[in-house]
Amino acid sequence: MDLDTRLAECDPARHTRLGGPESAAADRLYRQITRPARTPAPARRDTRRRIVVGAVAGAAAAGLAVGVTLASLPGAASPGTAGQHPAAAGPLELVAKVAARQAADQSPGAGQFLYSKLLLSGVPGSAIPAGTATVQAWLTGDGHGRYAARVCTPGCATLAGAIPGSKDRGDTAATPYAVWGFPLVSPASVAGLPDSPAALMPVLTRYATQEFPSYPGELGIVETAGSFLATAASPAVRAALYRTVEQLPGVQDLGRVTDRLGRSGIAVAFTSRGLREELVYDPATSAVLQTETVVAAPGGVHLPLKPASVMKKLSPRERENLTLDWPHGEVLSSVVYAASGVVNSDSATSPAPAG
C-alpha cells in the first residue's frame, strides 16, 4: 500500500458527507463567522476636519455648490490605498442571502410613521454641508411628514419643518432636508423598486445623478443604495441592493470595522475619481450602519470652486479662499444610520408594538 493510500485511510472524515453552501450546517457556520468580535476593533482613522464658521444658511449654500465642485474631479479611477485587499468572491452575496431570508420590514400603516435618525458630518465642498447635524424624520407611507435637526457649524442651531410627499415635494434641492443628504425616500418609493440588480442599477443611477445628486458616478450609487437599505424595503429589494453594489467594478472587502457609534460591522468600498465610498453593514441582520466618503488619491484632491475663466479674474488671496484642499485619508462626509422603525406618532422615537 503506497503512502497516499495510507494517508487517505487515516482521514477521519473520509466517510462523512459534507453539506453544501445552502445547508443548515453552512448557515450555522456563516453566523458563527459573522458573529461580532469580542475584542474591540481597531479605532477608525484620525479624521481631520476643517469646520467653517458661519450661519446655517451658509452651510446649506456649501451643500448646493457640490455639483459644480465634484464635477471637476479627475475621471480616472484611483487604486486602493495600502492595506486594502481585493474582495473575496461574493463579499456581499452572503449578506444578500441573509437579507432575502429575513421577514419583511414593517411599513407604516394608518396613523403611523417611519422614524429615522441620522448623524451627519461634512467638510467644506462635500456632499454634506460643513459641520455636523443630528436629523430625525417622521414619514408616512407616501412620504409626508416632518423633520427636526440640530446643526453645528460649529455654532449650533435647532431647525424643524414639514416634509412634502413624494408626489408634491417639488424642488427637493431647495429644502434643507435634501441638502443635508438625508434619504428623502418614502416607503411607497421603496416599495416600487425592482428586485433584480439589472433593473435596479439604472434606478439607483437616476436617484444618484438627478433626484438627490451627491458624489459622481458609481460613488453616488453606493451612497444611494445605503439610503434605500435604511428604509422599509422588502427582503427581495434589500438583497438586490447589496447585489447591485456587488456588481460595481473593483468593490473591495475592508473586513470588520466599528462605526462612529461603536457598532461592529463589515465594510466594503468602491474607489473612483480619487474618492472612496465605504458602506458598513451588520452581516447578521443586513442592516446598513454607516456610509462614508474618504479621499483616496495619494496626493489628496485640490479643486477650484469656480470655473477657470472666473478664477483668472480673482486675486491670489481670493483664489485661495475659493479652492478646496482635501488631504489623503480625510473623511469628506459621513452618514450614520442611528435608528429606524415604525412609530405611532410624529414625535415618538420608540417602535410601535408589533401586532
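The values are calculated or read from the model by the stated rules, or taken from the named source; none is laboratory data. Quick caveat, the model's predicted, so the values are computed rather than measured. All Cβ positions, even for glycine, are placed from backbone atoms using ideal geometry, and neighbour counts span all protein chains on display.
Taken over segment 190-240, the criterion of being closer than 15 Å to Asp105 by Cβ and part of a helix (DSSP H, G or I) is satisfied by Val190, Ala191, Ser227, Phe228, Leu229, Pro235, Ala236, Val237, Arg238, Ala239, Ala240.
For segment 297-316, the criterion of being assigned to a loop (DSSP other than H, G, I, E, B) and within 24 Å of Leu119 (Cβ to Cβ) is satisfied by no residue at all. Search segment 116-145 for residues being at pLDDT 90 or above and among the hydroxyl-bearing types (Ser, Thr, Tyr), and hand back the single one that is surrounded by the fewest Cβ atoms within 10 Å (Cβ to Cβ). This residue is Thr134. Of everything listed in (1) touching a Phe, Trp or Tyr at 6+ places or on another chain (Cβ under 9 Å); (2) surrounded by 15 or more Cβ atoms within 10 Å (Cβ to Cβ); (3) among the small types (Gly, Ala, Ser); (4) at pLDDT 90 or above, the single unmet condition for Ser345 is (2). Screening Phe113 against (1) surrounded by fewer than 23 Cβ atoms within 10 Å (Cβ to Cβ); (2) at pLDDT 90 or above; (3) of a type outside the set (S, T, N, Q) leaves a single unmet condition, (1).
Of all residues being part of a strand (DSSP E or B) and out of contact with any Pro (no Cβ under 8 Å at 6 or more places or on another chain) in segment 245-255, which is surrounded by the fewest Cβ atoms within 10 Å (Cβ to Cβ)? Just the residue, please. Filtering segment 245-255 for residues that are part of a strand (DSSP E or B) and out of contact with any Pro (no Cβ under 8 Å at 6 or more places or on another chain), the one surrounded by the fewest Cβ atoms within 10 Å (Cβ to Cβ) comes out as Gly255. If you scan segment 320-338, which residues turn out to be over 21 Å from Gln290 (Cβ atoms) and either aliphatic (A, V, I, L, M) or modelled with pLDDT under 70 (or both)? Scanning segment 320-338 gives Glu320, Asn321, Leu322, Leu324. None of Ala225, Ala269, Ala240 is touching a Pro at 6+ places or on another chain (Cβ under 9 Å) and aliphatic (A, V, I, L, M) except Ala240. Residue count for segment 262-274 under the criterion of being more than 15 Å from Ile221 (Cα to Cα) and either over 15 Å from the mean Cα position of the chain (by Cα) or of a type in the set (D, E, K, R) (or both): the result is 4.
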